[in-house]
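Here's the structure, in structure tokens; my notes come after.
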Amino acid sequence: MSTSDHPAAPASFSISVADVELEADDLDPEQIVSGEPVVTGKVLWESADGKQVRGIWQITPGVVTDVEANELFVVVSGRATVEVEGGGTLEVGPGSACVLREGDRTTWTVHETLRKAYHISY
């Protein structure tokens with residue numbers, strides 16, 4: 001494909017996921033089960049129609065619940081146990097690639113501050 005096939009697409013790029021400065025991201029207090037987890041993140045790219053998002057996300061230790069999007073992520077640092085309601089328990093750490101299905105109800109027990117690079121499709 002030539003660049004003219006993607007006139008709105010930004011130039012290709014590479015970043016150090018570990019070094020990207022993240023911005024505060026609100027966490028709904030109702031999602032917090034225990035601890036005082038803090039969420040930060042940075043969107044690196046979003047499709048023009050908003051149906052695909054790529055970025056970096058981080059959460060400090062604690063226990064939170066979530067309803068997931070269709071997501072692929074790779075853990076860069078930290079560790080967590082992700083329990084999927086009606087499904088399995090996922091142990092994730094550095095180098096783990098994880099796929100979550102849209103609508104999965106999860107409980108995240110974050111043992112060490114976890115940073116991940118993600119791609120979400122809506």
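The numbers here are math on the coordinates, done by the rules we state, and not lab data. Quick caveat: nothing in here was measured; it's all calculated off a predicted structure. Cβ placement follows ideal geometry from the backbone for every residue including glycine, while neighbour counts extend to all protein chains displayed.
In nm, what is the difference between 0.36 nm times the number of residues separating Glu91 and Asp26 and their Cα-Cα distance? Kindly include the intermediate steps, with their values, before the conclusion.
Working: separation 65, 0.36 × 65 = 23.40 nm, distance 2.47 nm.
Fully extending the segment from Glu91 to Asp26 adds 20.9 nm.
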- Item | Stretch gain in nm, segment Val67-Trp45, where the contour uses 0.36 nm per residue and the Cα spacing is subtracted | 5.7 nm
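Can you give the direction-averaged projected area of the convex hull of the alpha-carbon atoms in segment 11-59, in nm²?
Values: hull surface 19.1 nm².
Over every viewing direction, the Cα hull of segment 11-59 projects on average to 4.8 nm².
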- Shape metrics for segment 50-122, restricted to C-alpha atoms - Rg then Dmax, Å: 11.3, 32
- Message: With the crude spin-label approximation of a point 7 Å out along Cα→Cβ, what separation in nm comes out for Tyr122 versus Ser12?
- Response: 2.8 nm
- Nearest-0.05 FRET efficiency for Val33 and Val74 at R0 = 35 Å, using Cβ-Cβ distance, is 0.90
- Once the principal axes of the Cα atoms of the chain are found, what is the range along each, listed largest first in whole angstroms? 49, 31, 27
- Note on the structure: If unit charges are put on Cβ atoms (+1 for Lys and Arg, -1 for Asp and Glu) and the dipole of the chain is taken about its Cα centre, the option from Tyr122, Gly78, Pro29 lying farthest towards the positive end turns out to be Gly78
- Item | 20 Å reach of a label modelled at Thr107, 7 Å along Cα-to-Cβ, counting backbone N of segment 62-90 | 62-69, 79-90
